[in-house]
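Reviewing the structure listed below.
The values are calculated or read from the model by the stated rules, or taken from the named source; none is laboratory data. What you see is a predicted model; the values in this text were computed from it and never measured. We place every Cβ from the backbone using ideal geometry, glycine too, and count neighbours over all the protein chains shown.
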Amino acid sequence: MSSELRLNHKIMISIALLLILSRVLTLFTGYVGMNLFNDYNVMPVYENNPSDSFHSRQLKLPEPLAETKKPTISDLLKFDTYSYLRIATEGYDRVNIDEPHTAANWVFFPLYPLLISLAGKAVPFFEPLTIGLILSNLFLYVALLFFYLICRQRGLTEPQAGTAVFLLLLYPSSLYFSVVYTESLFLLLSSISVYYATNKRYALAFLAAGLSTVTRVPGVVNLLFVAGSFCLDEGFRFTRRYVKLVLLGGLSIVPMGLYLLHMKSVSGDYLAPFHEQSLHWFRYKTWPFKNYYEYLKYPYFSTPDGWDNGWIAFVVSTAVFAIYLLYFIVHFKVLIRDMRQLLFYVYGAMLIVIPFSSQPYYMVSVVRYMMVCIPLYLYLVSLTAQRENGLRFFQMLFMILNVIITVGYFNGYYFVI
């Protein structure tokens, strides 16, 4: 499991083509959705139809192809994208956290907007939005290559590894891998952390894990996985190499330390990114899965503010829980006997638990947050290896919900966030 693998040109080209095809189909879905369904923030236009006595008034749709709305780059400028681009171009908000203020952008971690800013200096003729889109898709492609290697490294055949890549691109909110969000960068750093930790190349693993901590909150899980792998492989001894690796591991917390020092300078609070979550961003520390439990008690279709579609979040969450729990039941003996397999399982479980520990009542964003759980896709492929109908079920479920969320995104519906 720990032998390092190499990619051949055929695999690299195949993954590139699969990525391009999936993004083209995503844009096509958005295009059709923009012209068939209403924009969330624009009043629909109805017209009289005297030729139809049963439907005298109907929604006005474009008739000639030339009248249809075409997706443009501005259609990808939505929601948190504004905050990332503002940080990239203007920096973080400078206001004391103890003073009255609107929701500050401190909650958005710095690595992704920093990379947009640096790339903007290298290619100043591109707009920040364009640079962000290019970077996200480049990060996604490289992440898929490492993800494929992890699949092969952990026992999946070439076709199965390809299926896992396909499932990741088909996941209901995979659109966010290709827009100006941190998902693709986080997936890349997570994949590098897991791959190199498994190959005992700890310098690279700790570097990627450390950078992931200033990309998204769950980056600490990557750091714990690399540290856990190091302890399992190296044990505890005082050789020169061991001390060197321990020091490298210690350096992995430097990016977060620098970020918190900067937060102190702009807000007066080292922990401003975390305190601001509950002050203005409606994120609160709570018992894991309390929001899921509350949904079972009081099911809802949508929240009054439109930021959560409870039914979609519930269906996807239940599917993810089922996969993860079923894998534990089926492979219980292997997980108990092999500490490295157990560590990988716990690593993925933590990436699922964290999204359900920040909101006590609603499941806002949990669908998107869970899609960077690398073990999830491996386990789904493994469980359905001899159950083709089961695989087809999840593919259809992912595809249908992917279409709904993609249409919702292009039409500005908040629940897709």
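The table below gives the values:
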{"read-out": "Residue within segment 54-68 that is free of Cβ contacts under 8 Å to residues at least 60 places away in the same chain, surrounded by 17 or more Cβ atoms within 10 Å (Cβ to Cβ) and of a type outside the set (Ser, Thr, Tyr) present", "value": "no"}
{"read-out": "Count - residues of segment 7-37 that are at pLDDT below 90 and either closer than 28 Å to Ile73 by Cβ or loosely packed, with under 10 Cβ neighbours inside 10 Å (or both)", "value": "1"}
{"read-out": "Leading residue by the ranking (surrounded by the most Cβ atoms within 10 Å (Cβ to Cβ)) among those in segment 310-322 that are free of Cβ contacts under 8 Å to residues at least 60 places away in the same chain, closer than 15 Å to Ser365 by Cβ and not hydroxyl-bearing (Ser, Thr, Tyr)", "value": "Ala313"}
{"read-out": "Contacts under 6 angstrom Cβ, first residue in segment 403-416 being of a type in the set (Val, Ile, Thr), partner buried (at least 21 other Cβ atoms within 10 Å of the Cβ) and assigned to a loop (DSSP other than H, G, I, E, B), 6 or more apart", "value": "Ile405/Pro172; Ile405/Ser173"}
{"read-out": "Criterion: in a helix (DSSP H, G or I), at pLDDT below 95 and not aromatic (Phe, Trp, Tyr) - qualifying residue of Ala119, Ala143, Ala66, Ala103", "value": "Ala66"}
{"read-out": "Check on Tyr362, surrounded by fewer than 21 Cβ atoms within 10 Å (Cβ to Cβ) and over 20 Å from Leu170 (Cβ atoms)", "value": "yes"}
{"read-out": "Check on Trp307, of a type in the set (Phe, Trp, Tyr) and either free of Cβ contacts under 8 Å to residues at least 40 places away in the same chain or farther than 21 Å from Met350 by Cα (or both)", "value": "yes"}
{"read-out": "Entirely in segment 339-409, the helices (runs of 4 or more DSSP H) that have 3 or more residues that are under 18 Å from the mean Cα position of the chain (by Cα) and over 23 Å from Trp311 (Cβ atoms)", "value": "339-353, 374-383"}
{"read-out": "Options Leu245, Leu207: the member that is at pLDDT below 95 and in a helix (DSSP H, G or I)", "value": "Leu245"}
{"read-out": "Condition check for Tyr92: part of a loop (DSSP other than H, G, I, E, B), of a type in the set (Phe, Trp, Tyr) and buried (at least 18 other Cβ atoms within 10 Å of the Cβ)", "value": "yes"}
{"read-out": "Count of residues meeting criterion [under 15 Å from the mean Cα position of the chain (by Cα) and crowded, with 21+ Cβ neighbours inside 10 Å] in segment 128-158", "value": "6"}
{"read-out": "Members of segment 210-227 that are over 17 Å from the mean Cα position of the chain (by Cα) and either at pLDDT below 95 or of a type in the set (A, V, I, L, M) (or both)", "value": "Leu223, Leu224, Val226, Ala227"}
{"read-out": "Which listed residue is out of contact with any strand residue (DSSP E or B) (no Cβ under 7 Å at 6 or more places or on another chain) and more than 17 Å from Pro110 (Cβ to Cβ), from Val214, Val254, Val226", "value": "Val226"}
{"read-out": "Selection count where residues are in a loop (DSSP other than H, G, I, E, B) and surrounded by 15 or more Cβ atoms within 10 Å (Cβ to Cβ), scope segment 292-309", "value": "4"}
{"read-out": "Criterion (among the hydrophobic types (A, V, I, L, M, F, W, C), under 22 Å from Val107 (Cβ atoms) and either surrounded by 14 or more Cβ atoms within 10 Å (Cβ to Cβ) or at pLDDT 95 or above (or both)) met by exactly one of Phe289, Phe274", "value": "Phe274"}
{"read-out": "The listed residue being part of a loop (DSSP other than H, G, I, E, B), exposed (fewer than 14 other Cβ atoms within 10 Å of the Cβ) and of a type in the set (Phe, Trp, Tyr), out of Phe125, Phe109, Phe79", "value": "Phe125"}
{"read-out": "Per-region count, segment 258-285, residues in a helix (DSSP H, G or I) and either among the aliphatic types (A, V, I, L, M) or within 26 Å of Phe356 (Cα to Cα) (or both)", "value": "15"}
{"read-out": "Those residues of segment 94-110 which are among the aliphatic types (A, V, I, L, M) and in contact with a helix residue (DSSP H, G or I) (Cβ under 6 Å, 6 or more places away or on another chain), in sequence order", "value": "Ile97, Ala103, Ala104, Val107"}
{"read-out": "Total residues in segment 91-142, condition of a type outside the set (D, E, K, R) and over 22 Å from Gly257 (Cα atoms)", "value": "26"}
{"read-out": "Segment 21-39 residues that are part of a loop (DSSP other than H, G, I, E, B), paired with ones that are not aromatic (Phe, Trp, Tyr) (beta carbon under 7 Å, 6 or more apart)", "value": "Phe37/Val407; Phe37/Asn411; Asn38/Pro44; Asn38/Asn411; Asp39/Asn411; Asp39/Gly412"}
{"read-out": "Filter result (farther than 23 Å from Arg94 by Cβ and touching a residue at least 24 places away in the same chain (Cβ under 8 Å)) within segment 235-269", "value": "Leu245, Leu248, Gly249, Leu251, Ser252, Ile253, Val254"}
{"read-out": "Residues of segment 343-394 satisfying the condition of being farther than 18 Å from Leu167 by Cα, among the hydroxyl-bearing types (Ser, Thr, Tyr) and touching a Pro at 6+ places or on another chain (Cβ under 6 Å)", "value": "Ser357"}
